[in-house]
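Below: one structure, written as structure tokens.
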Amino acid sequence: MAGIELKSNVPAGELKQKWSDFKGTMNLVAPNNKRRIEVIVVGTGLAGASAAATLGELGYQVKAFTFHDSPRRAHSIAAQGGINAAKNYQNDGDSIYRLFYDTIKGGDYRSREANVYRLAEVSADIIDQCVAQGVPFAREYGGLLANRSFGGVQVSRTFYARGQTGQQLLIGAYQALSRQISTGQVSMYNRHEMLDLVKIDGKARGIITRNLLTGKLEKHAAHCVVLATGGYGNVFYLSTNAMGSNVSAAWRGVRRGALMANPCFTQIHPTCIPVSGEYQSKLTLMSESLRNDGRVWVPKSKEDAIAIREGRKKGNDIAEEDRDYYLERRYPAFGNLVPRDVASRAAKVACDAGNGVAPTGLAVFLDFASAIERYGKAAAHSKNINNPSKAEITKLGKAVVEGKYGNLFEMYEKITGENPYENPMKIYPAVHYTMGGLWVDYNLQTNVPGLFALGEANFSDHGANRLGASALMQGLADGYFVIPYTIGQFLSKEIRTPKISADAPEFAAAEKDVQDRLNQLMSIKGNQSVESFHRRLGKIMWEYCGMSRNAEGLKKGRQMIRELREEFYKDVFIPGDANEFNPELEKATKVADFLELGEVMMCDALDRNESCGGHFREEYKSEEGEAQRNDKDFTYVSAWEWNETQPVLHKEELAFKNVELKTRSYK
Amino acid sequence: MKLTLKIWRQKGADKKGQLESYNVEASEHMSFLEMMDVLNEELISKKEEPVAFEHDCREGICGTCNLVIDGRPHGPQQGTTTCQLHMRHFKDGDTITVEPWRAKAFPVIKDLVVDRSSFDRIIQAGGYVSVNTGQAPDGNAIPIEKDEALSAFDAAACIGCGACVAACPNGSAMLFTSAKVAHLGKLPQGQVEHAARSKSMVDQMDAEGFGNCSNTGACEVECPKEISINNIAMLNRSYLSSIFGSNK
């Protein structure tokens with residue numbers, strides 16, 4: 001595939017006019033043709049469910065697929081904090097341009113201007129749509145929608161539903177999807193996993209799935225294929241992703257010629273419950289919204305830190321003057337609300353210096369004592385309580401904090417057995433989101449014609465670091481308001497294409513490839529479990545391609561992955577049979593794909609000789625330890641073509657015409 | 001801690017199942033499912049078939065995990081899904097019985113895995129607001145009283161796990177169905193279709209083979225999201241008005 005030209009297909013014109021002009025002049029598909037055109041949507045999270053529902057409403061024949069037992073389970077459901085929109089309901093200076101600018105800057109100038117501007121533009125429509133569906137967003141006493149702040153911005157533009165915003169938005173999309181299923185506009189395939197992409201004459205025309213209940217392979221044909229299959233954070237084994245989240249659908253696209261863009265851009269979220277033991281299966285996020293009121297600190301002295309680790313002291317025993325509120329100290333302008341990449345690295349610096357507070361030494365405090373006092377005083381004042389006692393203030397303050405974050409505090413207590421109202425929370429960064437993903441153009445189409453990628457599965461909007469509350473925004477923007485238009489750019493040329501038949505030889509060939517792959521895995525009959533390989537891969541990724549990276553480590557990590565992959569294909573053990581319900585086989589196909597993706601991530605991180613956003617190369621930092629970008633040489637999107645011996649890099653140069661490239665400063 | 005597990009093993013939907021005993025060593029910091037992972041890793045190392053159970057987010061929100069632990073859906077801790085239940089609530093030497101959801105409308109697929117697609121079909125029968133993308137007015141066009149929005153949220157917090165059905169002696173899905181009816185019915189956007197929605201969702205619930213509600217209240221006790229049975233009262237009211245109401 002030498003000489004792939006990556007055309008972004010960004011429409012001409014002024015940034016602010018591009019999307020509306022494009023919508024006004026783009027090719028359309030007439031209703032009578034829509035009825036004959038079939039679209040496959042893989043994944044039913046926010047992006048997939050909203051896309052499938054909306055395409056169904058428009059009149060396309062949609063087939064939707066999920067590996068879950070129900071389309072309501074996708075991991076979008078676990079997003080806690082909120083969804084951004086440039087509504088400016090708070091009259092605090094927000095605008096489409098400001099949301100666009102914050103996202104570009106937050107992404108450390110490694111995303112495409114036109115895509116991000118469009119995202120900001122449609123953000124307001126998303127809120128309207130969700131309210132109309134019955135999403136119970138938080139409201140003020142006057143009955144209007146409430147907002148809060150998130151990291152990396154100085155306005156309040158985040159809409160939320162307690163700490164369960166993702167759940168409420170996903171249920172909204174699931175209900176819209178259910179309505180289309182009931183009308184027959186969408187055919188829903190639960191418990192079906194996509195194991196291959198089928199191309200005919202270079203165009204994506206279908207998928208091979210495995211029915212997870214029976215193990216039977218199935219061929220599904222359509223005029224085009226939309227992947228909305230989420231991110232690949234589980235390549236690190238431990239992450240905040242759900243256990244089932246995986247890269248396989250996207251990776252099968254890569255194996256059929258699509259390109260993987262910026263795979264090394266991984267978001268490490270600063271506020272997660274720390275790792276407690278070797279048996280641990282996943283990490284749990286504590287919403288970024290907590291940083292609105294929680295103050296992050298470690299003890300100034302190592303002696304105090306050691307005393308806390310050994311259980312001789314508690315956080316509350318450390319006097320105010322002996323605490324280092326390091327985010328407030330280092331970044332006075334944004335304080336505890338610096339972006340995620342900055343907050344995560346600062347936590348690592350504090351722990352690497354020996355000031356961490358968990359038994360493992362890998363945790364910092366997130367403290368609500370001052371918020372409880374501040375809210376308590378305000379509540380006492382509004383209740384006309386004069387000279388309230390400290391106990392009264394604390395009681396009132398706790399009630400306010402409970403109202404805001406009650407379910408998060410409860411979750412923390414369930415997992416750790418510690419009460420965060422009494423003692424500061426312990427938190428540490430964990431893998432949370434992947435900004436990288438399938439390369440797509442302005443139409444969200446990959447370099448394979450007819451193959452589209454939405455939501456976290458594509459790379460397009462967040463550059464090298466995603467701002468909080470922007471994942472839900474992007475997933476729903478892509479599904480409700482972008483793909484329903486841009487898919488027409490491809491399908492308007494397909495109105496004469498008859499129904500695609502799954503009997504075409506290309507389908508049989510792809511099905512055989514899948515069958516061979518499954519047979520190969522089943523026939524290894526080695527001695528080590530799939531889980532053990534996955535855990536080892538995760539450790540390599542975290543060690544060499546995690547919060548900080550260097551050239552030597554990346555080369556070593558890549559070699560280790562190659563060796564692990566070889567060992568996997570010699571010694572993995574999968575119980576049972578391929579022709580039955582077999583969760584271990586499902587895991588094995590996913591881990592096999594992660595073992596290839598991991599190598600490409602190492603190659604990407606090694607190629608990018610700069611530090612930007614979540615990608616921190618130890619060789620490229622300022623004297624103060626901040627990330628140092630190299631705009632002259634690296635203002636491009638890396639798009640990787642898979643190759644067993646050496647993945648091949650293709651580049652899309654990024655042009656910034658509407659923002660000035662600056663050193664990102666939150667000081 | 002050393003534990004004895006009695007786990008329901010069943011090869012497939014049409015096969016007979018039985019409880020089998022296993023010994024496992026766990027730490028009190030593990031979640032219940034991590035303890036199950038340890039057991040499965042041991043079984044795999046002995047080249048035996050691991051126990052099939054469902055789980056995904058492991059943070060109490062996706063609604064996938066579903067174990068009956070010592071006779072109680074999601075185990076002994078109030079307001080907690082199986083994945084959020086930690087072993088510190090058990091004692092060294094305990095014997096723990098682990099079974100699947102048991103209800104006519106949730107047939108067993110394998111071991112502890114059941115088929116809950118009947119829930120999807122109840123939602124498809126009307127658990128939505130009929131609004132197409134792009135038709136929405138401004139989000140602030142209709143003010144909603146803060147407490148009303150919160151009360152709609154409380155009903156909308158249902159995760160669709162099915163513990164209410166597993167807890168109910170009649171295998172009824174009234175708590176699940178009523179939570180959706182209440183969530184949408186309490187909001188002005190959902191009011192328009194409220195009565196019709198109540199009827200069509202209840203009809204689908206009956207068609208799926210779920211039992212009737214006899215007010216035992218077990219569903220509310222076992223619901224990991226503590227959904228209130230007041231929602232059932234609201235559903236009964238709107239269901240009756242959909243049949244006998246003056247607008248019918």
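Scanning the stretch A:160-192 for residues that are more than 8 Å from chain B (Cβ to nearest Cβ), in contact with a strand residue (DSSP E or B) (Cβ under 8 Å, 6 or more places away or on another chain) and not in a helix (DSSP H, G or I) returns A:160, A:185, A:186, A:187, A:189, A:191, A:192.
Restricting the stretch B:107-144 to residues that are in a loop (DSSP other than H, G, I, E, B) and among the small types (Gly, Ala, Ser) leaves a set whose member that is farthest from the chain's Cα centre (by Cα) is B:141. When A:81, A:107, A:134 are checked against the criterion of being in contact with a His (Cβ under 6 Å, 6 or more places away or on another chain), surrounded by 22 or more Cβ atoms within 10 Å (Cβ to Cβ) and over 30 Å from residue A:206 (Cα atoms), a single residue qualifies: A:107. Contact map, the stretch A:445-459: first residue under 12 Å from residue A:74 (Cβ atoms), second residue assigned to a helix (DSSP H, G or I), Cβ cut-off under 6 Å, separation 6 or more or different chains; pairs are A:455/A:47; A:455/A:475; A:455/A:478; A:457/A:250. The criterion of being part of a helix (DSSP H, G or I) and touching a strand residue (DSSP E or B) at 6+ places or on another chain (Cβ under 6 Å) does not hold for residue A:502. Mind checking whether some residue in the stretch B:179-201 is farther than 26 Å from residue A:169 by Cβ and within 14 Å of chain A (Cβ to nearest Cβ)? The answer is no; no qualifying residue exists.
Quick one: in the stretch B:120-144, of everything that is crowded, with 23+ Cβ neighbours inside 10 Å and either free of Cβ contacts under 8 Å to residues at least 40 places away in the same chain or more than 7 Å from every other protein chain (Cβ to nearest Cβ) (or both), which residue is farthest from residue A:146 (Cα to Cα)? Across the stretch B:120-144, the extreme among qualifying residues is B:122. The set of residues from the stretch A:328-365 being hydrophobic (A, V, I, L, M, F, W, C), in contact with a Phe, Trp or Tyr (Cβ under 9 Å, 6 or more places away or on another chain) and assigned to a loop (DSSP other than H, G, I, E, B) comprises A:333, A:334, A:338, A:357, A:358, A:362, A:363.
Kindly indicate whether any position in the stretch B:102-113 is buried (at least 17 other Cβ atoms within 10 Å of the Cβ), facing chain A (nearest Cβ under 7 Å) and farther than 30 Å from residue A:144 by Cα. Yes: the stretch B:102-113 contains one or more residues that are buried (at least 17 other Cβ atoms within 10 Å of the Cβ), facing chain A (nearest Cβ under 7 Å) and farther than 30 Å from residue A:144 by Cα. Restricted to the stretch A:548-667, the set of helices (runs of 4 or more DSSP H) holding at least 2 residues that are of a type in the set (Lys, Arg) and within 14 Å of chain B (Cβ to nearest Cβ) comprises A:583-607. Could you please let me know if residue B:168 is farther than 30 Å from residue A:184 by Cα, more than 9 Å from chain A (Cβ to nearest Cβ) and modelled with pLDDT of 95 or more? It is true that residue B:168 is farther than 30 Å from residue A:184 by Cα, more than 9 Å from chain A (Cβ to nearest Cβ) and modelled with pLDDT of 95 or more. Only one of the numbered conditions (1) assigned to a loop (DSSP other than H, G, I, E, B); (2) out of contact with any strand residue (DSSP E or B) (no Cβ under 8 Å at 6 or more places or on another chain); (3) of a type in the set (Gly, Ala, Ser) is not met by residue A:81, and that is (2). For the criterion of being more than 25 Å from the chain's Cα centre (by Cα), more than 14 Å from chain A (Cβ to nearest Cβ) and over 22 Å from residue A:583 (Cβ atoms), residue B:71 fails.
Can you find, within the stretch B:1-50, the residue that is nearest to the other protein chains (Cβ to nearest Cβ) among those that are assigned to a strand (DSSP E or B) and under 20 Å from residue A:576 (Cβ atoms)? Ranking the qualifying residues of the stretch B:1-50, first place goes to B:10. Scanning the stretch A:111-145 for residues that are out of contact with any strand residue (DSSP E or B) (no Cβ under 8 Å at 6 or more places or on another chain) and within 7 Å of another protein chain (Cβ to nearest Cβ) yields a count of 11. The test for being among the polar types (S, T, N, Q) and in contact with a Gly (Cβ under 7 Å, 6 or more places away or on another chain) holds for residue A:407.
A quick yes/no check of all residues on (1) of a type in the set (D, E, K, R); (2) crowded, with 19+ Cβ neighbours inside 10 Å; (3) touching a helix residue (DSSP H, G or I) at 6+ places or on another chain (Cβ under 7 Å):
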{"site": "A:486", "(1), (2), (3)": "no, yes, no"}
{"site": "A:490", "(1), (2), (3)": "no, yes, no"}
{"site": "A:507", "(1), (2), (3)": "no, yes, no"}
{"site": "A:525", "(1), (2), (3)": "yes, no, no"}
{"site": "A:530", "(1), (2), (3)": "no, yes, yes"}
{"site": "A:544", "(1), (2), (3)": "no, yes, yes"}
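Among the residues making up the stretch A:256-282, a single one is under 27 Å from residue A:638 (Cβ atoms) and within 14 Å of chain B (Cβ to nearest Cβ): A:269. For the stretch A:287-301, the set of residues classified as surrounded by fewer than 24 Cβ atoms within 10 Å (Cβ to Cβ) and at pLDDT 90 or above consists of A:293, A:295, A:300, A:301, listed by residue number. Annotation for the stretch A:68-84: at least one member residue is polar (S, T, N, Q) and away from chain B (no Cβ under 13 Å).
Considered as a group, the residues in the stretch B:55-68 that are more than 7 Å from chain A (Cβ to nearest Cβ) and part of a loop (DSSP other than H, G, I, E, B) include one that is surrounded by the most Cβ atoms within 10 Å (Cβ to Cβ), and that residue is B:67. Based on this model, can you work out whether residue A:203 counts as within 19 Å of residue A:454 (Cβ to Cβ) and among the basic types (Lys, Arg)? Yes; evaluated as a whole, the condition is true for this residue. Just to be sure, is residue B:225 under 17 Å from the mean Cα position of the chain (by Cα) and charged (D, E, K, R)? The answer is yes for residue B:225. Scanning the stretch A:206-236 for residues that are surrounded by fewer than 24 Cβ atoms within 10 Å (Cβ to Cβ) and within 14 Å of another protein chain (Cβ to nearest Cβ) returns A:211, A:212, A:213, A:214, A:215. Candidates are the residues of the stretch A:408-439 that are more than 23 Å from the chain's Cα centre (by Cα) and part of a loop (DSSP other than H, G, I, E, B); the one that is farthest from the other protein chains (Cβ to nearest Cβ) is A:424. Answer with yes or no whether residue A:238 is outside any loop (DSSP other than H, G, I, E, B) and on the phi < 0 side of the Ramachandran plot. So residue A:238 fails the test.
The values are calculated or read from the model by the stated rules, or taken from the named source; none is laboratory data. Everything numeric here is computed off the predicted structure, so don't read it as measured data. Quick reminder, even Gly has a Cβ in these numbers, built from the backbone with ideal geometry, and neighbours come from all protein chains shown.
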